[in-house]
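K.L.:
Below is a structure I'd like to ask you about.
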Amino acid sequence: MPQSKSNKPSQTEHDAGLLRRPGQSSTVSLDDDRESSQQVTRRGFVGGLASMSAFAALSGTLTSCASIDEPIEFRYGVASGDPLTDRVILWTHVKPVVGENPVDLQYQVASDIAFTSIITTGFVTASSESGFTVKVDAKGLRPGRSYFYRFRRGEDRSPVGTTRTLPDTSASEVR
């Protein structure tokens, strides 16, 4: 003989506040005190969940550059090339230790190894689109001179490289 379900709510449903009258929206009680409790509708709950998800997604976008506190590595050192009389190309590869966020770097070119006399400086961003490799055309240099260069971000520094510009155009031979 089939058992019929009673229309009377179970004690568990009653205690959990899951009762609903016909035509009443589904609600979840946020407080056991029924007299002063806030009621959240299913639609309100889903909307709130969607808002939190959107915020979480945007917060990742807003912090798209690697923080200065996040460790980075200069795995392949530095290099220079294609010298002219007033400029030279500088290169490095930098990678965040964790993640794939872009890394903002400063390059410095100095006349001394201690970098007390900086000749030119600028900023460049390494990102996954470029394989975390950057190339800079360091301008404003003098002909036939040796220079020291490096890349840095905060306290993180690349190895120091040396480079030399071409002598002035009146030279007949380059060694």
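The values are calculated or read from the model by the stated rules, or taken from the named source; none is laboratory data. Please read all numbers here as calculations on a predicted model, not as lab measurements. No Cβ is skipped: glycine too gets one built from the backbone with ideal geometry, and neighbour counts run over all protein chains shown. Please note that ligands, DNA and RNA were not included when accessible areas were found on the heavy atoms of the full protein model with its side chains. Shrake-Rupley method; radii C 1.70, N 1.55, O 1.52, S 1.80 Å.
K.L.:
Go through segment 86-107 residue by residue and tally those that are touching a Pro at 6+ places or on another chain (Cβ under 9 Å) and open to solvent by 40 Å² or more (accessible area, probe 1.4 Å).
P.N.:
Summing the residues that are touching a Pro at 6+ places or on another chain (Cβ under 9 Å) and open to solvent by 40 Å² or more (accessible area, probe 1.4 Å) in segment 86-107 gives 4.
K.L.:
Can you tell me which residue among G140, G161, G131, G154 is in contact with a Ser or Thr (Cβ under 8 Å, 6 or more places away or on another chain), on the phi > 0 side of the Ramachandran plot and not polar (S, T, N, Q)? Can you show your working first?
P.N.:
Details: G161 fails: on the phi > 0 side of the Ramachandran plot; G131 fails: in contact with a Ser or Thr (Cβ under 8 Å, 6 or more places away or on another chain); G154 fails: in contact with a Ser or Thr (Cβ under 8 Å, 6 or more places away or on another chain).
Result of the check over G140, G161, G131, G154: G140.
K.L.:
Would you please name the residue that is farthest from P143 (Cα to Cα), looking only at residues in segment 82-92 that are part of a strand (DSSP E or B) and free of Cβ contacts under 8 Å to residues at least 60 places away in the same chain? Let's see the steps before the verdict.
P.N.:
Within segment 82-92, the subset part of a strand (DSSP E or B) is 87-92.
Narrowing the set further to residues that are free of Cβ contacts under 8 Å to residues at least 60 places away in the same chain leaves 89, 91.
Numbers: I89: 14, W91: 20 Å.
Per the stated criteria, the residue is W91.
K.L.:
While we're here: Suppose we filter D137, D156 for residues that are without any contact (Cβ under 8 Å) to a residue 60 or more places away in the chain and open to solvent by less than 70 Å² (accessible area, probe 1.4 Å); which single one remains?
P.N.:
Numbers: D156 fails: without any contact (Cβ under 8 Å) to a residue 60 or more places away in the chain.
The match here is D137.
K.L.:
Follow-up question, since we're still on this one. V134 fails exactly one of the following numbered conditions: (1) in a strand (DSSP E or B); (2) under 24 Å from P167 (Cβ atoms). What is the number of that condition?
P.N.:
Among (1) in a strand (DSSP E or B); (2) under 24 Å from P167 (Cβ atoms), V134 violates only (2).
K.L.:
Within segment 93-130, can you find the residues that are in contact (Cβ under 8 Å) with a residue 40 or more places away in the chain, part of a strand (DSSP E or B) and farther than 11 Å from I72 by Cβ?
P.N.:
Q106, Y107, Q108, V109, T125
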